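Encoded as structure tokens, the structure appears first; notes follow it.
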Amino acid sequence: MSNWKEVERRVAAILGGRRVPITGRQRGDAPDIAHEWLGVEVKHRKKLPDWIHDAMAQARACSDGGKLPTVILHEHNQLYTKSFVVLELDEFEQWFGRVTNKREELT
């Protein structure tokens, strides 16, 4: 099983960003991954809650006709526009293009 540092490295590689070492950040003052246009915080758990997997399975089941499976997480008394959007990373990239750090591509 990968540890959280390895998970951050692998996600950074997928996104075309760079992992920021823990020594280079204080809690909340820097992202886990340096990226040109994304502020990335990576959370790694041994197992995500079943209800998240179930919600994504439901979204996938009703995404016929080439729709993007999307889960919206809303908290009671929260503004609806502050809800979280959950997508699978590979599908996000299929829809919106490769998530790369353009500045690093040029160097």
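The values are calculated or read from the model by the stated rules, or taken from the named source; none is laboratory data. Not measured: the values here are computed from a predicted model. No Cβ is skipped: glycine too gets one built from the backbone with ideal geometry, and neighbour counts run over all protein chains shown.
Does residue 52 satisfy the criteria of being at pLDDT 95 or above, of a type outside the set (S, T, N, Q), assigned to a helix (DSSP H, G or I) and under 17 Å from the mean Cα position of the chain (by Cα)?
Here the answer is yes, as residue 52 does meet what is asked.
Pick from 52, 72: which is among the β-branched types (Val, Ile, Thr) and more than 25 Å from residue 4 (Cβ to Cβ)?
Being among the β-branched types (Val, Ile, Thr) and more than 25 Å from residue 4 (Cβ to Cβ) holds for just one of 52, 72, which is 72.
Yes or no: residue 33 touching a Leu at 6+ places or on another chain (Cβ under 8 Å) and either on the phi < 0 side of the Ramachandran plot or modelled with pLDDT of 95 or more (or both)?
Values: touching a Leu at 6+ places or on another chain (Cβ under 8 Å): yes; either on the phi < 0 side of the Ramachandran plot or modelled with pLDDT of 95 or more (or both): yes.
Yes.
Tell me, which residue of the range 55-85 that is in contact with a helix residue (DSSP H, G or I) (Cβ under 7 Å, 6 or more places away or on another chain) and under 24 Å from residue 15 (Cβ atoms) is surrounded by the fewest Cβ atoms within 10 Å (Cβ to Cβ)?
68
Scan (1) aliphatic (A, V, I, L, M); (2) more than 17 Å from residue 16 (Cβ to Cβ); (3) in contact with a Pro (Cβ under 9 Å, 6 or more places away or on another chain) for the single condition residue 38 breaks and write down its number.
Residue 38 satisfies every listed condition except (2).
Would it be correct to say that residue 3 is surrounded by fewer than 11 Cβ atoms within 10 Å (Cβ to Cβ) and at pLDDT 95 or above?
So residue 3 fails the test.
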